Amino acid sequence: MNCPKCGAENPNQNRFCDTCGTKLVKKEKKAETQPKISTPTAPSPALPVAEAARVSAPGLKWLTGEQMVWLVILAVAAFLRFYALGEKPLHHDESLHAFYSWELFKGMGYSYNPMMHGPLLFHFNALAYFLFGASDYTCRIVPAVLAMLTVGMAWFLRPYLGRAGAIFTGIMITISPSFTYFGRFIRNDIHIAAFTMVMVYALFRYLDTRRPNYLYLGAAALSMSFCTKEVTYITGAIFVSFLFFRWLWEYTAGAAGEHQLTIALRKVWEKKIPLGMKDSPWRRSLGQVLDFMFRPLGVATLIFFGIIFVLYTTVFTNPQGFLHAFTKSISYWLGQHEVQRGSQPVYFYAGLIPLYETLAFIGTLVALVYYSFIKSKTNHVWRLLAYLVLGAAWWLFAAHGNETFGLIFSLLLISLGTGLLAYFSFDEKNNFVTFLIVWTLAAFSNYSFAGERMPWLILHPLLPMILLTGTWLGEFWERFRRQRVWLLTGFVLLGAMMLHNTSLLNFCGAGANPRELLVYVQSSTEVPQVVRQITNMSKRLTGGLDMKITCEDYCSWPFAWYLRDFKKVGYPKYTATQSEGSIEKNPLIITGVEAAAPGHDDRVAELLAADYTAQRYKLRVWWSPDSNLFLNDTWDGKCKKAWKLFMYREPWNGLGSYDMIVYIRKDLEHLYWSHAE
């Protein structure tokens with residue numbers, strides 16, 4: 001079948017063109033008429049019309065308007081991801097990932113630790129160091145590249161998002177404060193977002209074409225996601241549940257397209273579907289399943305486990321790592337649910353997303369109402385019931401989420417609600433939309449119910465929200481042409497709000513402004529300043545990086561990364577527990593101000609005061625909003641607080657910090673404060 005737009009050849013079963021994404025329409029064969037005599041000016045039949053135009057057009061005229069828009073989107077995305085990438089001080093977690101990647105690059109090996117998630121990040125970053133060297137900039141190149149992939153995958157999803165919808169989606173991911181910030185942040189979540197986009201593309205292309213290549217691509221993306229972070233279990237569960245309900249719908253829908261599960265069960269009961277006959281459909285289906293399992297599924301399985309084996313064994317040097325991939329990972333993070341690191345409330349993402357991602361938040365609400373109750377003309381009662389079940393899950397978790405039965409039954413209700421919504425929303429034209437609705441609601445609920453709610457996890461519920469919003473915007477653009485001006489006006493206004501948030505979050509205060517709610521316990525801008533002074537002092541004293549430094553364990557991160565090239569750095573656990581005679585009087589000692597250890601700070605000062613000059617700095621800074629101070633204010637006061645926070649990032653209560661003290665030996669103090677030559 002030839003594409004009507006680009007002329008490319010496609011398999012007959014394709015619904016969309018593999019080359020340009022245009023929807024294909026099968027044409028009935030008509031009776032042949034007298035052959036037309038081609039004119040000399042017509043392009044060769046062997047060369048598609050679009051291709052002929054490209055060949056004959058000079059300069060850049062072969063670029064379509066759509067392609068020009070995409071080039072602008074990618075250029076803006078590249079600027080926002082790569083500009084001043086190394087300016088922000090490395091976060092505590094970033095320094096862990098950057099340092100252990102550097103050790104792997106240096107040949108010191110790597111051993112899987114579930115606390116730092118999967119091995120893929122470390123292998124990819126070691127490769128980046130090999131190609132570009134190790135620095136604050138290069139350690140963030142891989143996240144920035146994968147952030148670009150996340151944007152670019154919207155282009156490949158045009159058959160499902162629509163051409164206009166894909167453009168809206170690409171713009172939203174490009175200017176998204178969250179996707180921009182964590183695309184410049186060496187943590188695992190932007191990796192997951194990129195691989196998930198590839199998985200979605202591969203899944204639906206395979207469902208449409210049944211080509212094994214898409215199955216293999218999906219297996220590779222799923223495997224790399226599995227090697228990145230344990231949240232893949234959540235994503236996988238959502239995708240598998242969607243496939244199950246799609247299968248259930250396909251095999252239980254009546255002739256009129258109505259959902260009649262009882263039809264199949266009754267036919268089996270009445271023996272109208274023979275289970276034991278050789279020619280029964282059950283036997284034929286079993287044969288197809290076995291053929292599928294031993295051919296494309298078998299190859300996909302080998303791809304999946306092959307990538308896992310290579311990465312978890314650190315390229316065959318640590319065989320036991322393969323077993324740890326399926327034991328340590330899940331056991332460790334299930335245990336973290338009860339720890340509830342961060343102590344964020346269940347409505348954490350319900351507050352963050354409207355503040356930073358206003359366009360995606362409003363667009364998701366509108367899209368849910370539109371696709372569930374306006375566009376669809378049937379099964380409204382069942383869909384309403386599904387939303388009521390989801391509401392009951394949230395109520396149950398809010399009341400009993402800290403108890404085991406409350407968590408389990410809340411998750412079961414989420415599964416039931418999204419399952420009902422999926423089953424009673426399927427039809428041949430909107431399976432992708434149904435998938436996005438299920439993914440959005442399930443991801444938002446699951447990540448809100450999880451014990452650990454951290455700012456970087458916002459990407460996982462946000463991604464389907466942006467895709468759903470983009471789909472709705474694209475459909476509105478195509479169906480309601482007279483209202484395009486209003487649509488563009490609203491998109492530009494809300495997009496400007498997102499761009500405002502992106503600028504403040506990523507480029508003001510070196511991207512380390514603790515007043516930002518997405519900036520979590522960030523290393524202060526004083527840390528790189530201290531590192532520069534230590535480096536200058538060492539070069540003046542030893543001519544290189546050979547100065548002896550003691551860095552207390554409290555401050556080892558991010559200093560283990562920043563001082564990685566120093567040859568004589570020690571990281572003792574507690575300086576305060578040492579006797580006065582046992583402390584080596586190194587030129588410089590870094591200690592933490594540890595309020596959790598009573599007497600620690602006074603003891604350190606007592607041990608070092610005679611020979612050292614103390615200089616206090618902020619190591620990490622944060623803002624923890626006092627919700628009571630906000631909620632107990634008047635309505636006018638609440639509005640003023642919200643406006644100042646949104647426009648100027650002015651918090652309504654003070655900042656918190658974890659401080660450090662740099663002790664400089666008095667006879668060398670002048671070297672610390674001197675500037676480098």
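Listed by first and then second residue, the pairs linking a residue in segment 394-415 that is more than 21 Å from SER241 (Cβ to Cβ) to a residue that is polar (S, T, N, Q), with Cβ atoms under 7 Å apart and 6 or more places separating them unless they lie on different chains, are GLY401/SER410.
Residues that are open to solvent by 10 Å² or more (accessible area, probe 1.4 Å), within 29 Å of THR228 (Cα to Cα) and in contact with a helix residue (DSSP H, G or I) (Cβ under 8 Å, 6 or more places away or on another chain) occur at least once in segment 419-432. Screening PRO177 against (1) open to solvent by less than 10 Å² (accessible area, probe 1.4 Å); (2) farther than 23 Å from PHE507 by Cα leaves a single unmet condition, (2). The residues of segment 372-421 include none that are assigned to a helix (DSSP H, G or I), closer than 19 Å to LEU248 by Cα and modelled with pLDDT under 85. Inspection of segment 391-409 finds a residue satisfying the criterion of being buried (at least 20 other Cβ atoms within 10 Å of the Cβ), of a type in the set (Gly, Ala, Ser) and within 25 Å of GLY236 (Cβ to Cβ). Of all residues assigned to segment 121-136, none qualifies as being under 18 Å from the mean Cα position of the chain (by Cα), open to solvent by less than 20 Å² (accessible area, probe 1.4 Å) and under 25 Å from THR169 (Cα atoms).
With part of a loop (DSSP other than H, G, I, E, B), closer than 20 Å to ALA510 by Cβ and within 19 Å of the chain's Cα centre (by Cα) as the only criterion, which of LEU80, LEU85 stands out? Even if it seems obvious, please write down each step before you answer.
Numbers: LEU80 fails: part of a loop (DSSP other than H, G, I, E, B).
None of the other options fit; the residue is LEU85.
Residues in segment 200-230 that are within 13 Å of the chain's Cα centre (by Cα) and open to solvent by less than 20 Å² (accessible area, probe 1.4 Å) were compared, and the one that is nearest to PHE449 (Cα to Cα) is LYS229.
When residues of segment 160-169 are filtered for being at negative phi and open to solvent by 20 Å² or more (accessible area, probe 1.4 Å), how many remain? So that I can check it myself, show each step before the final result.
Looking only at segment 160-169, we keep the residues that are at negative phi, and these are 160-161, 163-169.
So of that shortlist, the ones also open to solvent by 20 Å² or more (accessible area, probe 1.4 Å) come out as 160, 163, 167.
Looking only at that region, the number is 3.
Here's a check for you: in segment 567-592, which residue that is modelled with pLDDT of 65 or more and polar (S, T, N, Q) is surrounded by the fewest Cβ atoms within 10 Å (Cβ to Cβ)? Top of the filtered list is ASN586.
What do you reckon, is ARG649 touching an Asp or Glu at 6+ places or on another chain (Cβ under 8 Å), in contact (Cβ under 8 Å) with a residue 40 or more places away in the chain and open to solvent by less than 40 Å² (accessible area, probe 1.4 Å)? Talk me through it step by step, then tell me what you get.
On the way: touching an Asp or Glu at 6+ places or on another chain (Cβ under 8 Å): yes; in contact (Cβ under 8 Å) with a residue 40 or more places away in the chain: yes; open to solvent by less than 40 Å² (accessible area, probe 1.4 Å): yes.
Taking the combined requirement at face value, the residue satisfies it.
Give me the pairs: first residue in segment 363-384 and closer than 28 Å to PHE491 by Cβ and in contact (Cβ under 8 Å) with a residue 12 or more places away in the chain, second residue surrounded by fewer than 16 Cβ atoms within 10 Å (Cβ to Cβ) and aliphatic (A, V, I, L, M), beta-carbon distance under 9 Å, and six or more apart or on different chains, which are they? Close Cβ pairs satisfying both conditions: SER372/LEU384. Please verify whether segment 91-107 includes one or more residues that are farther than 16 Å from ARG187 by Cα and open to solvent by less than 60 Å² (accessible area, probe 1.4 Å). So far as segment 91-107 goes, yes, one or more of its residues are farther than 16 Å from ARG187 by Cα and open to solvent by less than 60 Å² (accessible area, probe 1.4 Å).
When segment 474-485 is filtered for residues that are open to solvent by 10 Å² or more (accessible area, probe 1.4 Å) and not charged (D, E, K, R), the ones remaining, listed by number, are PHE476, TRP477, PHE480, GLN483, VAL485. Has segment 593-604 got at least one residue that is open to solvent by less than 50 Å² (accessible area, probe 1.4 Å), aliphatic (A, V, I, L, M), over 35 Å from the mean Cα position of the chain (by Cα) and at pLDDT 90 or above? No: segment 593-604 contains no residue that is open to solvent by less than 50 Å² (accessible area, probe 1.4 Å), aliphatic (A, V, I, L, M), over 35 Å from the mean Cα position of the chain (by Cα) and at pLDDT 90 or above. Every test in (1) open to solvent by less than 10 Å² (accessible area, probe 1.4 Å); (2) modelled with pLDDT of 95 or more is passed by GLY118 save one, and that test is (2). Close Cβ contacts (under 6 Å, 6 or more residues apart or on different chains) running from residues in segment 345-358 that are closer than 19 Å to PHE491 by Cβ and in contact (Cβ under 8 Å) with a residue 60 or more places away in the chain to residues that are outside any loop (DSSP other than H, G, I, E, B) and open to solvent by 30 Å² or more (accessible area, probe 1.4 Å) comprise ILE353/PHE361; THR358/LEU494; THR358/MET497.
Of all residues in segment 480-497, those that are modelled with pLDDT of 90 or more and either of a type in the set (D, E, K, R) or closer than 20 Å to ALA84 by Cα (or both) total 1. Residues in segment 135-168 that are assigned to a helix (DSSP H, G or I) and under 23 Å from ARG187 (Cβ atoms): 17 in all.
The values are calculated or read from the model by the stated rules, or taken from the named source; none is laboratory data. Keep in mind that what you see is a predicted model, and the values were worked out from it rather than measured. Cβ sites come from the backbone with ideal geometry, for glycine too, and all protein chains shown count toward neighbours. Side chains are part of the model used for accessible areas, which takes the heavy atoms of the whole protein and leaves out ligands, DNA and RNA. Shrake-Rupley method; radii C 1.70, N 1.55, O 1.52, S 1.80 Å.
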